[in-house]
Amino acid sequence: MQTVIAVFLLLVIVLCIVQKNVPYKKQELLLEPLEAVSFTADNAESQSECMIFWEDDANGKSGLQLMEAVLEQMKIPYDACSGREAEKVDLQEYKTIVFSVTDLSILDETLLDIIEWVKAGGGLMVLYPPEHNGMLESVGVSLGISTMGKNYHMVEGFHFSREFMLGGDLTDYKVTDPYESSLVVELSDDCQVYLESDDEYRIPLIWSREAGEGRIVFDNLGFLEKAYRGFYAASYTLLEDVCAYPVINGSAFYIDDFPSPVPGGNSQYIERDYGMSISDFYTQIWWRDVYNLAKKYGLRYTGLVIEEYSDQVEAPFQENTDIHRYRYFGNMLLSLGGELGFHGYNHMPLCLLGFDYKGEYDAYRLWESYDDMKASLTELRRFCQELYPEEKFQVYVPPSNILSEEGRAALKEAADIRAVASIYLPDSEGISYDQEFEVGEDGIIETPRVISGYILDDYMRLAALSELNFHYVNSHFQHPDDTLDKDRGAELGWKEMFGRLLDYTDWLYQAAPDIRNLTGTELAAAVQIYDELQVRREYSGDSLRLSFEGFQDEAWLFLRVNEGTPGEASGGTIEELLEGLYLVHATDDTVEIPIR
């Protein structure tokens, strides 16, 4: 009995030591943000390649805003002109034209000139289905339309009829807010259909047609939202024989509120399914599954630390001395090659008195002063440096994705934050801090998270598909306490919740098996490289030459080849992703690719 007791006590001691301090080996970052002076981009304006004709109505203005964002981030210089003044434009100065026009009759006779311009070698993209009128009917045949109904079709889902977008052919996609958005058409036999509705009628939604020496692409979608940008970027790449544009190439998974104080007591749904406390569930079930998912796919989590959950917004801020779970979870995350960033001293967004939450967050308190915000960040940094002395803390995620200008300034001054990771898609209330993938004027890098949680509804899956094909990015965040919240799926049970996340990661790494798994700081560095890059494209018919300004060690680009086959690249490498779609890794400031 003494031997048994001794062995038992020894095991208890070993377990306590392991929980107190899981050892890890510091991981070197694959990429790290540079100072802005490291980039030497030439800001001289390039010759515009694209002309956007737009109409001053709701759809026309939405389409203009969407397409400007798409072309700016594809690094394709463009001009914009009201369709009513189209006759003043010299079409010969442009390679491509985009219609963000509801009533084609405002183009008047210039519409026929544009059709002839296409036949001579131009590329025309119709951004959304125009109004069905005599002018549309007069050019319908040129656009590939053989017959056209007078009604519009309610599209409730998408089906990819051929390989076109990464991950598109793996499943059909549902539309969350369908409306009568698409023309009911039949197409001529010389059209290539890439996307159609997933119902029995199979309405064509994206198609292209050769017209003389040029090409027409028609987007019969009608969804002019940020979440669909990738569809329009992919459509634009069909306009010319060859199209190349920079991408980020990064997959990041964030865990908000982790490590953080673990809620005490029990949860209705955890008690129902596992018969254990929240604390035990986090350690034995939730973290086990999330950890094993990282091992399966090589995910490198970015954990966002909260020191405590008080509502204190005035200095001085008390130190949290209950640290053994921080060491246990934090060191295990770091041992996976992950990193830790800041979520806050507590869960109060960095907003001063006077900020308007619009009645949405009654439990949140506003900070008394700018100095109080800075003091809370100073305490959080001290806390994290004491626990993880070898780590840098360069990423910040705002609580509830809310951040004020003053809070952002405090982050830079008191915490030396290099990247803010809020959200990509704006919320309906206009409270959240939504971002683009870019470098801010203050030097902080914007690295928005695109999707979240475990439910991953139809809208999120569409947005994930879109961003994978626009920026070549996946960016997802989850919370441990999602498992406690009915509104975030807790009633379904953890098995179902985790199963949905697993379905998503299976889809992602089947669609993009070689996408780079990055931490938050590494993704920020990749965004910085992408944002600073300027591209000059020269295509001679048998060779594509890409030259870069603001080049720093490497760059990644999507290359669509609609005519021909690319050969071996000099100054970089090239990999086929789908039929006609390639990933170029530039390792020199000039890349040449023969096109056979």
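The values are calculated or read from the model by the stated rules, or taken from the named source; none is laboratory data. Being a predicted model, the structure only gives us computed values, none of them experimental. A quick note on method: Cβ atoms are made from the backbone with ideal geometry, for glycine too, and the neighbour counts reach across all protein chains shown. To get the accessible areas, we keep the full protein, side chains included, count just its heavy atoms, and leave off ligands, DNA and RNA. Shrake-Rupley method; radii C 1.70, N 1.55, O 1.52, S 1.80 Å.
Legend: residue pairs Lys358/Lys486; Lys296/Lys392; Lys296/Lys374; Lys296/Lys495, Cα-Cα distance threshold 28 Å; pairs beyond threshold, Lys296/Lys374. Sparsely packed loop sites in the range 191-286 (the trypsin sites (Lys or Arg not before Pro) outside DSSP H, G, I, E and B with at most 13 other Cβ atoms within 10 Å) comprise Arg202.
Computed from these coordinates, which is Cα extents along the principal axes in Å: [x] 89, 48, 47; [y] 94, 53, 52; [z] 89, 67, 43? Read-out taken from this structure: [y].
Give me the percent of accessible area attributable to carbon and sulfur for the range 357-499, probe 1.4 angstrom. Don't jump to the answer; show the numbers that get you there.
Working: 2370 of 5340 Å².
Ligands and nucleic acids excluded, carbon and sulfur reach 44 percent.
At a probe radius of 1.4 angstrom, the accessible area of the range 145-243 per residue rounds to 39 square angstrom.
Spacing of the modelled spin labels on Glu109 and Gln268, each 7 Å from Cα toward Cβ, amounts to 7.2 nm. In nanometres, what is the gap between the two model label sites at Gln65 and Glu93, each 7 Å from Cα along Cα-to-Cβ? Each label point is offset 7 Å from its Cα along the Cβ direction, giving 2.7 nm. In the distance distribution for the range 360-405, Cα-Cα pairs more than 13 Å apart total 68 percent. Taking 14 Å as the cut-off, the amide N atoms of the range 323-362 that come nearer than this to a point 7 Å along the Cα-to-beta-carbon line of Tyr309 belong to 346-348. Rolling a 1.4 angstrom probe over the range 264-353 with all protein chains present gives an accessible area of which 46% lies on carbon and sulfur atoms.
By the rule of a C-alpha distance below 19 Å, with chain neighbours fewer than 8 residues away ignored, the lysines paired with Lys174 are Lys226.
Taking 0.36 nm per residue of separation and subtracting the Cα-Cα distance, what length does fully extending Lys119 through Asp56 add? Mind showing how you got there, number by number?
Details: separation 63, 0.36 × 63 = 22.68 nm, distance 2.79 nm.
Taking Lys119 through Asp56 to full extension adds about 19.9 nm, to one decimal.
Beta bridges per DSSP, both residues in the chain: antiparallel share near 55 percent. The accessible surface of the range 523-568, taken with every protein chain in place and a 1.4 Å probe, is 34 percent carbon and sulfur.
Counting only other residues whose beta carbon sits under 9 Å from that of Ile431, what net charge do I get with K and R as +1, D and E as -1? Mind showing how you got there, number by number?
Working: positive: Lys358; negative: Asp356, Glu360, Asp427, Glu429.
Here the charged neighbours net out to -3.
Residues of the range 243-269 falling in the label zone of Gln27, defined by backbone nitrogen less than 15 Å from a point 7 Å along Cα to beta-carbon, are 250-255, 259.
A cut-off under 9 angstrom between Cβ atoms defines the neighbours of Ile529, and their net charge, with Lys, Arg +1 and Asp, Glu -1, is -4.
Helical content of the chain, expressed as a calculated mean residue ellipticity at 222 nm, amounts to -8500 deg cm²/dmol (DSSP H runs of 4 or more residues, -39,500 (n - 2.57) each, divided by residue number, nearest 500). For the pair Glu563 and Glu386, label points projected 7 Å from Cα toward Cβ lie 6.8 nm apart.
Would you tally the net charge around Pro594, using a Cβ to Cβ cut-off of less than 14 Å, leaving Pro594 out, and scoring K and R as +1, D and E as -1? Please list the in-between numbers first.
On the way: positive: Arg545, Arg596; negative: Asp241, Glu538, Asp542, Glu563, Glu568, Glu592.
Around Pro594, the surrounding residues sum to -4.
When peptides 354-364, 586-596 are sorted by average Cβ neighbour count within 10 Å, with the highest value leading, the order is 586-596, 354-364.
What FRET efficiency comes out for the pair Ala409/His324, r = Cβ-Cβ distance, R0 = 35 Å, nearest 0.05? Plugging the Cβ-Cβ distance into 1/(1 + (r/R0)^6) gives 0.50. Label zone (Ser540, point 7 Å along Cα-to-C-beta; backbone nitrogen cut-off 18 Å) within the range 577-596: 590-596.
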